[in-house]
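Here is the structure we will look at, set down as C-alpha cells.
Derivation of every value follows stated rules applied to the coordinates shown; laboratory data play no part. Predicted, not measured: the structure shown is a model, and the values here were computed from it. Note that each Cβ is placed from the backbone with ideal geometry, even for glycine, and that neighbours are counted across all protein chains shown.
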Amino acid sequence: MPREVKAFACDFGCHRNVTTSRKRMADHEARCFHNPTQKACATCRHLKFEWEEQYMGHQFGEAVYGNSYKVNYCEQEIDIAEKLRSGCPEWKSLPDPLQAINKQEREAETTDRN
C-alpha cells in the first residue's frame, strides 16, 4: 500500500520539479526559468516559435516529411537556437491576460456610453 508523502512544487508552474525538501524547492524557484525575476525566455514577450517539418526525401515523386518540431526564436534577434537565456537585457514581461480582459471591458463600456 502506498504511503502519503508531503512534497513541494514550484510556484511558477514549470511542472518540472517536485521535492520533499522545502530548501531544495526554494533553491529551484530562485533559478526557475518561469520565475519572472530571472528575466528568462520562458516569461518574455519576445519569445516566439515556429513549427518545422523534417524533410525525409521523395517517394513516388512527392516530397515526404517526417516529424514536426518546434523552433524557438527571439523577436529581438538574440541567438537562442542552442539554448534559452536568463538575465536578458531585452526581456519584456508577458502581458497580463487579466489586464487585457479588463481593458476590453473598459473599452466596451466606453463604446456603450457613446
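Each label was represented as a point 7 Å from its Cα along the Cα-to-Cβ direction; for Glu53 and Asp96 these points are 4.2 nm apart.
Under 5 Å between amide hydrogens, built in the peptide plane, is the criterion, and for Phe8 it picks out Thr19, Thr20, Ser21 among residues at least 5 positions away or on other chains. A simple spin-label model places pseudo-atoms 7 Å from Cα toward Cβ; at His15 and Arg31 they are separated by 2.3 nm. Model label points for Lys83 and Asn67, set 7 angstrom from Cα along the Cα-to-Cβ axis, are 2.2 nm apart. Once backbone amide H atoms are built at 1.01 Å from N, Cys88 has no partners under 5 Å, excluding neighbours fewer than 5 places away on the same chain.
So what is the relative contact order of the range 1-43, in percent, for Cα pairs below 8 Å that sit 6 or more residues apart? Relative CO of the range 1-43 lands at 28 percent. In sequence order, the range 9-18 has phi-based couplings of 10, 5, 6, 8, x, 6, 6, 10, 9, 9 Hz under the Karplus curve 6.51 cos²θ - 1.76 cosθ + 1.60, θ = phi - 60°, and Gly or Pro positions carry x.
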